[in-house]
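Some notes on the structure that comes next.
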């Protein structure tokens with residue numbers, strides 16, 4: 001009975017379990033992208049020269065700039081957690097906005113990158129692509145599917161981060177109760193982690 | 001403090017996070033430079049090794065895995081092993097067709 005009374009007083013929450021749940025979700029995401037990496041690996045082996053030719057079309061500068069932007073944003077959100085844990089609410093919120101800004105830069109960059117491809121008549125099902133060999137079609141298909149799915153994750157991450165920032169401002173997430181920011185940050189790091197593998201596979205290895 | 005919540009509230013110092021970022025940026029620069037030379041199959045190997053190293057840094061420090069409980073660490077390890085197995089088995093299948 002005494003235990004029940006105590007439990008009633010304490011807030012009903014379990015931060016460790018919340019974090020474990022987030023990790024389980026991250027595992028499903030890793031396997032989702034993992035499947036795409038696998039398809040890429042096998043087709044790369046099958047159509048080696050065509051993948052080589054097609055990958056030369058990608059602009060390394062776009063990829064490199066986006067890599068830097070995502071790495072900086074990842075550090076910013078990790079620092080936002082440190083700041084919140086140290087009860088520096090204002091700094092934490094500023095760092096989250098910096099992360100959102102980086103996400104926005106990433107998306108604008110992606111817009112121009114994809115836009116340039118569209119201008120050259122390279123998009124799934126385009127006239128030009130249909131005339132090209134099988135390997136080229138597969139490479140660009142994978143390029144759009146993988147970067148597109150990743151960009152979707154960037155957008156979702158951006159929305160989640162804005163929600164966290166609002167909650168911190170409202171005082172619902174604070175130095176004693178930060179698991180929501182911690183999980184949002186985990187999601188954002190996942191986005192960074194996936195890009196760390198996408199960048200060399202699509203842009204660097206030719 | 002908040003011991004009764006049993007939150008492993010390890011606070012990562014700003015300095016550590018900044019250092020990790022500098023290393024990550026350095027590694028990015030290194031892969032771009034190395035892969036700009038034509039080293040045949042080595043390009044893929046080096047690029048993937050550097051990516052794994054970067055991934056390790058992000059998981060350990062940004063995602064706090066280094067300070068996480070043993071269960072989470074084991075689970076992450078198992079997922080990586082599972083993914084490696086899927087890749088290896090599929091590749092074996094592809095190679096012996």
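Here are the numbers for this structure:
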item: Condition met for residue A:204 (crowded, with 21+ Cβ neighbours inside 10 Å, under 16 Å from the mean Cα position of the chain (by Cα) and either more than 26 Å from residue A:28 (Cα to Cα) or more than 8 Å from chain B (Cβ to nearest Cβ) (or both)); result: no
item: Out of A:91, A:81, sole residue that is more than 15 Å from the chain's Cα centre (by Cα), within 14 Å of another protein chain (Cβ to nearest Cβ) and surrounded by fewer than 18 Cβ atoms within 10 Å (Cβ to Cβ); result: A:91
item: From A:157, A:148, residue being closer than 27 Å to residue A:22 by Cβ, within 16 Å of the chain's Cα centre (by Cα) and within 14 Å of another protein chain (Cβ to nearest Cβ); result: A:157
item: Any hit, the range B:53-62, residues being touching a residue at least 24 places away in the same chain (Cβ under 8 Å) and at positive phi; result: no
item: Qualifying positions in the range A:30-43 - more than 9 Å from chain B (Cβ to nearest Cβ) and touching a helix residue (DSSP H, G or I) at 6+ places or on another chain (Cβ under 6 Å); result: A:33, A:36, A:40, A:43
item: Within the range A:6-20, tally of residues that are without any contact (Cβ under 8 Å) to a residue 40 or more places away in the chain and in a helix (DSSP H, G or I); result: 7
item: Helices (runs of 4 or more DSSP H) (entirely within the range A:104-206) containing at least 3 residues that are within 27 Å of residue B:27 (Cβ to Cβ); result: A:134-169, A:179-199
item: From the options A:142, A:128, A:132, A:152, residue that is loosely packed, with under 13 Cβ neighbours inside 10 Å and closer than 18 Å to residue A:55 by Cβ; result: A:128
item: Residues within the range A:160-187 that are under 25 Å from residue B:50 (Cα atoms) and facing chain B (nearest Cβ under 9 Å), tallied; result: 2
item: Scope the range B:57-72; condition over 13 Å from the mean Cα position of the chain (by Cα) and assigned to a helix (DSSP H, G or I); matching residues; result: B:67, B:70, B:71, B:72
item: Residue within the range B:69-84 that is at the interface with chain A (Cβ under 9 Å from one of its Cβ atoms), in contact with a helix residue (DSSP H, G or I) (Cβ under 6 Å, 6 or more places away or on another chain) and closer than 18 Å to residue A:16 by Cβ present; result: yes
item: Of the criteria (1) buried (at least 19 other Cβ atoms within 10 Å of the Cβ); (2) at pLDDT 95 or above, which one residue A:47 fails; result: (2)
item: Some residue of the range B:21-44 being surrounded by 13 or more Cβ atoms within 10 Å (Cβ to Cβ), touching a residue at least 40 places away in the same chain (Cβ under 8 Å) and in contact with a helix residue (DSSP H, G or I) (Cβ under 9 Å, 6 or more places away or on another chain); result: no
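The values are calculated or read from the model by the stated rules, or taken from the named source; none is laboratory data. The structure displayed is predicted, hence computed values, not measured ones. Here the Cβ is made from the backbone with ideal geometry for all residues, glycine too, and neighbour counts use every protein chain on show.
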